[in-house]
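Chemist: Starting off with a structure, shown below.
Rule-based calculations on the coordinates, nothing more; no lab input. Remember, predicted model here, so these are calculated numbers, not experimental data. Using ideal geometry, Cβ is built from the backbone for each residue, glycine included, and neighbour counts are taken over all protein chains shown.
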There are 2 protein chains.
Amino acid sequence: MPLQKRIILRPIGYVRTQAIGEEVKDRTRTSQIVIESEFAGGVEGIEGFSHIFVLFWLSQVSGHDKRSLKVHPRGREDMPYLGVFATRTRLRPNPIGLTLVELLEAKGNVLVVRGLDAFDGTPVLDLKPFDFWDMAEDARMPEWWTKLNREKSR
Amino acid sequence: MPLQKRIILRPIGYVRTQAIGEEVKDRTRTSQIVIESEFAGGVEGIEGFSHIFVLFWLSQVSGHDKRSLKVHPRGREDMPYLGVFATRTRLRPNPIGLTLVELLEAKGNVLVVRGLDAFDGTPVLDLKPFDFWDMAEDARMPEWWTKLNREKSR
């Protein structure tokens, strides 16, 4: 089957945050999503949901060999060497970020959210309301994930 | 802040399914995700996760006025008229689909998954392992969503 070769997207808005560097990983922080005026009508009714997925462009990735398809999770050599699609690394063929955030407020074209791990100015590609079809309560993760997550929680 | 105007993606693979038309919405069906050979190394280790997110290109959308930013959920006029970002409609400025699927098997460059509501030949943009940070157990959905979902479950 012939593959479509190139797909072109436009940002629908961008992230506004005061977090710098590692601070963006702090899930308790709030950020704003500023929707471009031409797309502002698209958020009407979004406040009915407590949580949304944010799809964003990991535009701050640079200096990376884009042909590499393997990483150690969080760059740690004591972790297995894995395909990028087995991790949430930014170093992906199509560097789209996906984060579930809490929607605190929707006011005109500005959404206030908690837990968005994106830098100031990050282009936003899409927003999707979170619902119960997005959950898997019986989900299983590999041992390396559980180990990293346990360390993070400390 | 100046917005990046155009973002260019390449498919990393495509969907293979025998489901036709409405059959793709049947979450009990299995599909295959065939990864392009140049990206095949990227799935190594993905089988450690029981569930993954599939990001795909809703390329079958056509004949739609792309400037419209409002829809009735599932086209039903008894439902509120909402911004597209408050729904999971395919009619979005950047028509990226996002579905959580069960990963049944990973064999070379072919993944077998359950629950992918995408047509045969759909370009796949990214795969992300599902973990507990993607869940919100206390999530709230609006009344229209609950009503539609109740009808679907019957």
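Chemist: Can you tell me how many residues within the stretch B:120-141 are touching a residue at least 12 places away in the same chain (Cβ under 8 Å) and at the interface with another protein chain (Cβ under 9 Å from one of its Cβ atoms)?
Modeler: Residues flagged as touching a residue at least 12 places away in the same chain (Cβ under 8 Å) and at the interface with another protein chain (Cβ under 9 Å from one of its Cβ atoms) within the stretch B:120-141 amount to 11.
Chemist: Further question: Kindly evaluate A:K152 against the criterion of being more than 8 Å from chain B (Cβ to nearest Cβ), of a type in the set (D, E, K, R) and outside any loop (DSSP other than H, G, I, E, B). If you could, list the steps in order and put the result at the bottom.
Modeler: Values: more than 8 Å from chain B (Cβ to nearest Cβ): yes; of a type in the set (D, E, K, R): yes; outside any loop (DSSP other than H, G, I, E, B): yes.
For A:K152, the condition - more than 8 Å from chain B (Cβ to nearest Cβ), of a type in the set (D, E, K, R) and outside any loop (DSSP other than H, G, I, E, B) - is met.
Chemist: Can I ask one more? Is there a residue in the stretch A:130-142 that is in a loop (DSSP other than H, G, I, E, B), within 13 Å of the chain's Cα centre (by Cα) and hydrophobic (A, V, I, L, M, F, W, C)?
Modeler: no
Chemist: Collect the residues in the stretch B:1-27 that are farther than 19 Å from A:L91 by Cα, aliphatic (A, V, I, L, M) and in a strand (DSSP E or B), keeping them in residue-number order.
Modeler: B:V15
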